[in-house]
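Since the structure comes first, as structure tokens, the remarks are kept for the end.
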Amino acid sequence: MDGRKGGFPRVAPLAAFLCGLVLVFGVIFILTGRSVSPIGPAAAAIGGPFHLEDQNGKPVSDADMKGRPFLVFFGFTHCPDVCPTTLFDISQVLHQLGKDADRTGALFITVDPERDTPAKLKDYLSNFDPHLRGLTGDQAAVDAAIKAYRVYAKKVPLGNGDYTMDHTAIVYLMDKNGRFVAPFNLKRTPEAAAEDLRRYL
């Protein structure tokens with residue numbers, strides 16, 4: 001078939017346009033630190049119902065988070081570096097929010113419910129901002145939350161019967177209706193991140 005006729009030649013320009021669009025949004029996110037809403041059904045597919053309990057043994061569901069923007073981060077208390085660093089950064093943002101921190105939410109959902117009991121989470125989170133809520137539950141409940149947020153989590157065996165967890169390390173920004181907005185950028189000053197989060201109050 002002649003490459004100048006038919007529908008096939010249109011595929012390359014379309015692919016180039018879509019790639020360019022992705023790059024533009026990526027550059028905006030990196031250079032400005034602003035949360036850019038994802039396009040299409042992929043964004044709508046992130047988030048959803050969950051039924052867990054916090055570090056005080058209180059039941060928490062997605063319905064409890066409605067009416068305020070909130071951050072969600074999946075991790076585990078035995079995490080050596082990424083999790084405590086991320087929670088420290090979130091804590092700094094919450095601190096910068098001042099009294100507005102009471103109008104937002106921040107969830108640390110474990111991917112390791114076998115070890116992360118409410119008591120363990122309570123002890124662990126005592127090192128961070130008090131607005132952070134740690135969530136756990138039985139394996140089925142945690143798996144449901146992991147699936148809802150499209151998180152990757154896998155147990156990785158270590159020596160002597162021990163294990164660690166390989167997992168997605170994204171901080172999700174959810175709006176007042178529980179809808180995913182964008183990954184929340186912590187690679188900026190706490191003041192800038194707090195101001196960005198405040199826009200969704």
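Side notes on the structure shown:
- Residue count for the stretch 122-131, restricted to those that are touching a residue at least 60 places away in the same chain (Cβ under 8 Å) and loosely packed, with under 13 Cβ neighbours inside 10 Å: 0.
- Top-ranked residue in the stretch 121-160 [being out of contact with any strand residue (DSSP E or B) (no Cβ under 7 Å at 6 or more places or on another chain) and aliphatic (A, V, I, L, M); ranked as farthest from Phe70 (Cα to Cα)]: Ala140
- Between Val111, Val93, the distinction of being modelled with pLDDT of 95 or more, closer than 20 Å to Lys154 by Cα and either under 14 Å from the mean Cα position of the chain (by Cα) or surrounded by 14 or more Cβ atoms within 10 Å (Cβ to Cβ) (or both) belongs to Val111 only.
- Test result for Phe25, closer than 18 Å to Asn185 by Cα, modelled with pLDDT under 50 and either assigned to a loop (DSSP other than H, G, I, E, B) or of a type in the set (Phe, Trp, Tyr) (or both): yes
- Flag if Ile46 is in contact with a strand residue (DSSP E or B) (Cβ under 6 Å, 6 or more places away or on another chain), farther than 18 Å from Gly137 by Cβ, in a loop (DSSP other than H, G, I, E, B) and not polar (S, T, N, Q): yes
- Selection from the stretch 137-160 of residues that are loosely packed, with under 12 Cβ neighbours inside 10 Å, among the hydrophobic types (A, V, I, L, M, F, W, C) and not in a helix (DSSP H, G or I): Val156, Leu158
- Set Gly134, Gly98: member being modelled with pLDDT of 95 or more and either in contact with an Asp or Glu (Cβ under 9 Å, 6 or more places away or on another chain) or surrounded by 15 or more Cβ atoms within 10 Å (Cβ to Cβ) (or both): Gly134
- Residue within the stretch 95-110 that is in a loop (DSSP other than H, G, I, E, B) and at negative phi present: yes
The values are calculated or read from the model by the stated rules, or taken from the named source; none is laboratory data. Note that the structure is predicted; figures quoted are calculated from it, not measured. When we count neighbours, we look across all protein chains shown, and the Cβ atoms used for this are built from the backbone with ideal geometry, even at glycine.
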